[in-house]
Amino acid sequence: MRELYWVLGVCVMLAIIWFCLCLPLTKPHVSLGKKRSLVYVLIIAVLAGLLYGYFGSMPSLRAYWKQLSEQRQAEQALEHMPSKKAVVDRLEALLKKEPKRAKGWALLGRIKMSQGKTKEAVSAYQKAWKISPSTSYAIGLGEALLLANQPLPKGLLTHCHHALGASSDIAEKSALLNLLAIHAYREKQYKEAISLWEKALPLYPVGSNDEQQLLRMIHKAQEKV
């Protein structure tokens, strides 16, 4: 419907301009200045009507301009956003000055994992885990160790098993189950891996990619039994 308003509006404007241009031919007493003034007034009126028809009201028009302004601000912010390397450099510089920041080491570990630098990720998570042995850092360290093809230490495994029994958070529980299951699979404890993955299945939406991945891992482990 809005597109129809614009087409009709353009047609009206063209008709008005043609009429005003031809007006002096039929009425010679009408001056060129008056003709132009009439054209400007009519064009402004038509444009105002088109804008109202398109946006609906002045609040809608203000909302539109606000949206454009916010979009420009977001684009400018993205242009001035530092690169990942700059973020890592600043973070590493901060951690040199304040090495007891567990969150900083965990963030560095996550960034290093996203870059595929698993050994550096392990080192960063080990420092975070040493400063604050929380479950979130245990999961991060465990994932980094598995990606680096390194075994999970006994202390970390013990913590994960205890946390699994105490946790009520679905995301944390699913991460712990998957972590322990992958460890069991690599240790050739296939029945244990199957049991852990089967416990994780109800935590994922039916038909989701995560559920399908778990089913594939369970089937793979069953073939090893």
What's the number of the condition residue 180 fails, among (1) in a loop (DSSP other than H, G, I, E, B); (2) in contact with a Leu (Cβ under 8 Å, 6 or more places away or on another chain)? (1)
Top-ranked residue in the stretch 155-193 [being hydroxyl-bearing (Ser, Thr, Tyr) and modelled with pLDDT under 95; ranked as surrounded by the fewest Cβ atoms within 10 Å (Cβ to Cβ)]: 168
Criterion violated by residue 136 - all others in (1) of a type in the set (S, T, N, Q); (2) closer than 23 Å to residue 116 by Cβ; (3) not in a helix (DSSP H, G or I) satisfied: (3)
Against the definition (hydrophobic (A, V, I, L, M, F, W, C) and under 27 Å from the mean Cα position of the chain (by Cα)), how does residue 157 come out, yes or no? no
Filtered residues of the stretch 112-137 (kept if over 23 Å from the mean Cα position of the chain (by Cα) and crowded, with 20+ Cβ neighbours inside 10 Å): 122, 124, 125, 127, 128, 129
Among the residues that make up the stretch 143-154, is at least one of them in contact with a His (Cβ under 7 Å, 6 or more places away or on another chain) and outside any helix (DSSP H, G or I)? yes
Quick check on residue 196: is it assigned to a helix (DSSP H, G or I), more than 29 Å from residue 108 (Cα to Cα) and either at pLDDT 95 or above or aromatic (Phe, Trp, Tyr) (or both)? yes
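The values are calculated or read from the model by the stated rules, or taken from the named source; none is laboratory data. The structure displayed is predicted, hence computed values, not measured ones. Neighbour counts are summed over all protein chains in view; Cβ atoms, including those assigned to glycine, are modelled from backbone coordinates with ideal geometry.
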